[in-house]
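First the structure, in the form of structure tokens, and then the observations on it.
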Amino acid sequence: MPGIVRHTDQVAGLAFHFVNLVVDVQREQARAGDEKAHFVLAMGMFVEEFLPDFRKHYAYLSDRREHVTIVYESEVSNPNFADEFRHFRRRDTVLQRTTMGIHKDDYAFLIGEREAGPEGPAPVPLKKFGSQGQQKTFVIGLKLAQFDQLQAAKGIKPILLLDDIFDKLDDHRVQRLMQLVSCHTFGQIFITDTHPERLKQIFEAIQVELTTFEVTNGEVVAE
């Protein structure tokens with residue numbers, strides 16, 4: 001009997017330890033859920049702050065021909081996320097990876113002909129329906145908006161690097177871009193191109209001076 005009692009005490013002790021462990025895990029999951037919710041909220045606020053700068057640059061480059069937007073998509077914002085996460089826990093254990101969560105969050109880049117009203121057509125995914133020129137303009141708009149955000153946060157003008165930007169852009173958008181970056185809003189700018197004569201012609205057309213450097217066999221030579 002003493003052996004049985006000791007065995008029973010051990011089982012009870014293990015059970016008590018297991019219950020405490022489960023409670024700790026549940027508390028940790030609840031805390032993590034709160035942190036994820038805060039992260040999703042912060043990311044949503046960032047997109048709201050970022051959008052005006054981005055749309056301003058895109059509208060200028062495209063002559064307001066299209067309307068663009070960015071949507072932050074997160075499973076965590078789903079009210080049923082916690083229940084679904086627990087429901088798929090066994091599947092995730094078998095797969096040895098987490099198939100739901102904040103690491104699956106993403107941005108949706110959307111484009112439309114114009115800003116859609118309540119009854120207007122909804123914007124469509126840029127990657128699927130946007131032309132190569134529209135996609136390139138979108139990327140440049142993101143970079144210029146990032147410049148604005150960094151300048152506002154740091155109080156200085158970052159160096160702007162535009163690498164091989166003329167590919168897939170029509171002449172009108174190229175000229176609009178060069179007019180935009182040559183104004184005093186931006187600071188020091190580096191533009192790379194494999195056709196130096198094209199670059200000179202563009203800046204001559206908008207009457208802006210530039211200094212060119214040619215890289216040959218690893219050497220940089222000022223012209």
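Any idea which of GLU209, GLU219 is at pLDDT 85 or above, surrounded by fewer than 13 Cβ atoms within 10 Å (Cβ to Cβ), out of contact with any helix residue (DSSP H, G or I) (no Cβ under 7 Å at 6 or more places or on another chain) and of a type in the set (D, E, K, R)?
The unique qualifying residue is GLU219.
If you go through segment 183-200 one residue at a time, how many are surrounded by fewer than 11 Cβ atoms within 10 Å (Cβ to Cβ) and in a helix (DSSP H, G or I)? So that I can check it myself, show each step before the final result.
In the first step, residues of segment 183-200 are kept if they are surrounded by fewer than 11 Cβ atoms within 10 Å (Cβ to Cβ); the result is 183-184, 188, 190, 194-195, 197.
From what's left, in a helix (DSSP H, G or I): 197.
Residues in segment 183-200 being surrounded by fewer than 11 Cβ atoms within 10 Å (Cβ to Cβ) and in a helix (DSSP H, G or I): 1 in total.
Can you give me the number of residues within segment 158-179 that are closer than 20 Å to GLN132 by Cβ and out of contact with any Gly (no Cβ under 8 Å at 6 or more places or on another chain)?
13
Suppose we filter LYS154, LYS128 for residues that are closer than 26 Å to ARG64 by Cβ and not polar (S, T, N, Q); which single one remains?
After ruling out the rest, the residue left standing is LYS128.
The values are calculated or read from the model by the stated rules, or taken from the named source; none is laboratory data. Keep in mind it's a predicted model, so treat the numbers as computed, not measured. Counting neighbours? That spans all protein chains shown, and the Cβs are built from the backbone with ideal geometry, glycine included.
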